[in-house]
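Here's the structure we're looking at; comments come further down.
The values are calculated or read from the model by the stated rules, or taken from the named source; none is laboratory data. Quantities reported herein were computed from a predicted structural model and do not represent experimental measurements. Here the Cβ positions follow ideal geometry from the backbone for every residue, glycine too, while neighbour counts run over all protein chains shown.
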Amino acid sequence: MGAILAIPVGVTLNYIYSKTITKFSQQAVPDLPKDKNSGIKRLYLVSIQLVWFSAGLLTLIGFIDILARFVNPEMPKLLLLAIYLTAIFLIIRMPTERVMYLLEIVLFLNTPLILFIIIKAYTNPSINWDSILEIGTHLFKWPNLKAFAAATYCFSGYANLIVFNRVIKGKLKGWNFFVIAILGLINMFTTFFIPIGYHGSDGTQEYLYPWVTTADSLRLVYSPIERVIFLFLMFYMSISLMSVAIHWHVALELIKGSFKKEVSKKQEWLILGVFTGISVIGLIYFNTILLLKFATYWLIVRLASEVMLVGVFFLWARRKKS
């Protein structure tokens, strides 16, 4: 029920925010004029930039843990972190328009691979549809807040318009939101049901990373690469890289917008040094179980911050119109 309720809520937040932010044509929040409420604006930027930075940090630490477990257990995690941070810092320092173009290229290259794995998972004779149907018996149970917060994250991409709106031209049509709803529905239920179909509802909860284990259950008999897990990790690596880069690009732009004067290159590298220090501390401090628990509660905080983000922009747009 939490996953089902997340669909109308996620699409509604998408619609309100996307329609509202078009009132600020090709302007990001850091680009808005510094009026008499600039102090409130800076406080607002500081509060939400922590959400974006932590989103990228959790994704980064989680993926490094996956690489250390399933790809190269002998490589030190700090070395993996250094390699990933090098690529991330090269991306987040680029102009917003180039970051968006890079995202489009990554999605264009990975979409056929993602569709292939999804189709392979649904058509595999090993999938147990009875296990999936058994989950349907819980349909009318009271929705779980943790599940609801996690499910709404499938629709959270709109929040990045807080910075990427500066390169968006034109307005979204009604059919765009219909496509968002359909893609979000497919993404969410595929992510949720496929591992249950292969491992059962009880077996799935025993795994730390159910989808990695599920991908390892698939085989390509006549392919040069027999184990699907290698294809899965390949596209997962590139998408995780872009996910962290987008979140941290937004966080960096919000931090730079918090200063009255333009940030110099030396100050920018100082900010990136802070990013690095926090990443190293997080990698050392968080083990897998603690990371998953922290991420669970972070999703709830993230949902509250998104509702606040949509509400603030709605009020700003009303104020601008008046």
Residue identified as touching a residue at least 40 places away in the same chain (Cβ under 8 Å) and farther than 21 Å from ILE246 by Cα among PHE177, PHE164, PHE155
PHE177
For the stretch 180-216, enumerate the residues that are more than 20 Å from TYR236 (Cβ to Cβ) and either in contact with a strand residue (DSSP E or B) (Cβ under 7 Å, 6 or more places away or on another chain) or touching a residue at least 40 places away in the same chain (Cβ under 8 Å) (or both).
ILE180, ALA181, LEU185, GLY200, SER201
The stretch 213-257: number of residues that are touching a Pro at 6+ places or on another chain (Cβ under 8 Å) and either surrounded by fewer than 19 Cβ atoms within 10 Å (Cβ to Cβ) or among the small types (Gly, Ala, Ser) (or both)
3
Subset of the stretch 129-140 (residues that are part of a helix (DSSP H, G or I) and either surrounded by fewer than 11 Cβ atoms within 10 Å (Cβ to Cβ) or of a type outside the set (S, T, N, Q) (or both))
TRP129, ASP130, ILE132, LEU133, GLU134, ILE135, GLY136, THR137, HIS138
Somewhere in the stretch 16-38, is a residue modelled with pLDDT of 85 or more, over 28 Å from LEU183 (Cβ atoms) and surrounded by fewer than 16 Cβ atoms within 10 Å (Cβ to Cβ)?
no
Looking for whichever is aliphatic (A, V, I, L, M), under 22 Å from the mean Cα position of the chain (by Cα) and exposed (fewer than 13 other Cβ atoms within 10 Å of the Cβ) here; the options are ALA304, ALA295. Which one fits?
ALA304
Of all residues making up the stretch 95-119, the number that are closer than 12 Å to ILE246 by Cα and in contact (Cβ under 8 Å) with a residue 24 or more places away in the chain:
6
For the stretch 92-128, how many residues meet the condition of being within 18 Å of the chain's Cα centre (by Cα) and either closer than 27 Å to MET188 by Cβ or exposed (fewer than 15 other Cβ atoms within 10 Å of the Cβ) (or both)?
13
Could you name every one of the helices (runs of 4 or more DSSP H) located completely within the stretch 141-249 that has at least 3 residues being under 16 Å from the mean Cα position of the chain (by Cα)?
145-152, 161-164, 174-204
Among all residue pairs at least 6 apart or on different chains, which show Cβ distances below 8 Å where the first residue, located in the stretch 283-296, is at positive phi and in contact (Cβ under 8 Å) with a residue 60 or more places away in the chain and the second is assigned to a helix (DSSP H, G or I) and aromatic (Phe, Trp, Tyr)?
none
Hey, THR152 within 21 Å of PHE232 (Cα to Cα) and in contact with a helix residue (DSSP H, G or I) (Cβ under 9 Å, 6 or more places away or on another chain) or not
no
